[in-house]
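Engineer: Could you have a look at this structure, given as structure tokens, before my questions?
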Amino acid sequence: MTYAPGMEIMIHTVYDQWLEGTITDMRNDSIFINNNPFHVHEIDAMRKNFSKLHLQTGGTILIVAGVGLLALNVINGLYTNEPAGSWIKASGWITAGAFILAGILMKSARFKNYPIGKKYTLHYLNLRAKDGPAVTPLKTTEPATQPDAH
């Protein structure tokens with residue numbers, strides 16, 4: 001993941017706090033989140049947020065659809081006076097279970113944590129020049145002269 005000022009970030013600090021905000025600046029090995037500085041060694045983990053994909057809403061809809069499918073089969077079995085064991089067929093159990101399981105997985109996939117340590121590392125790339133850009137002075141030019149047309 002690459003971050004720059006103006007981007008949203010979510011970090012876990014060594015003080016056991018999750019902080020979320022906008023990166024306002026990055027300088028001297030510090031990240032400023034909402035103008036609050038955090039040294040890169042204070043960051044314990046980073047979190048990627050997938051809530052913009054609407055996984056929470058889609059997961060809830062799938063869970064409700066799975067439970068609704070089971071309820072519909074039971075109501076249909078009661079309406080047709082079938083014996084209780086034959087209300088829900090194997091295909092109904094499989095379909096409802098797949099809906100419910102997919103919904104639970106979608107609801108749990110809201111965040112992905114990246115703990116800083118063995119597998120993930122945090123690198124700070126300083127792009128600021130110490131003395132500023134080297135500027136070469138421009139040559140002064142003389143105005144062009146027009147040849148005389150005699």
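The values are calculated or read from the model by the stated rules, or taken from the named source; none is laboratory data. If you're wondering where the values come from, they're calculated on a predicted model, not measured in any experiment. Neighbour counts run over all protein chains shown; Cβ positions are idealised from the backbone, glycine included.
Engineer: Might you let me know whether segment 89-107 holds any residue that is within 30 Å of the chain's Cα centre (by Cα), assigned to a loop (DSSP other than H, G, I, E, B), under 25 Å from residue 21 (Cβ atoms) and modelled with pLDDT under 85?
Structural biologist: No - not one qualifying residue is present in segment 89-107.
Engineer: Taking the stated definitions as given, is residue 23 over 14 Å from the mean Cα position of the chain (by Cα), assigned to a strand (DSSP E or B) and among the aliphatic types (A, V, I, L, M)?
Structural biologist: yes
Engineer: Would you check if there is a residue in segment 35-58 being in contact (Cβ under 8 Å) with a residue 12 or more places away in the chain, over 23 Å from the mean Cα position of the chain (by Cα) and under 18 Å from residue 125 (Cα atoms)?
Structural biologist: No, that holds for no residue.
Engineer: Could you grab me the full set of residues in segment 82-113 that are within 30 Å of residue 11 (Cα to Cα) and surrounded by fewer than 16 Cβ atoms within 10 Å (Cβ to Cβ)?
Structural biologist: Hits for segment 82-113 are 101, 104, 105, 108, 109, 110, 111, 112, 113.
Engineer: Examine segment 47-68 for a residue that is of a type in the set (Val, Ile, Thr) and part of a strand (DSSP E or B), and state whether such a residue exists.
Structural biologist: no
Engineer: Ok, one more. Could you tell me which of the residues 45, 4, 65 is surrounded by 13 or more Cβ atoms within 10 Å (Cβ to Cβ), over 26 Å from residue 99 (Cβ atoms) and of a type in the set (Gly, Ala, Ser)?
Structural biologist: One residue alone meets the criteria, 45.
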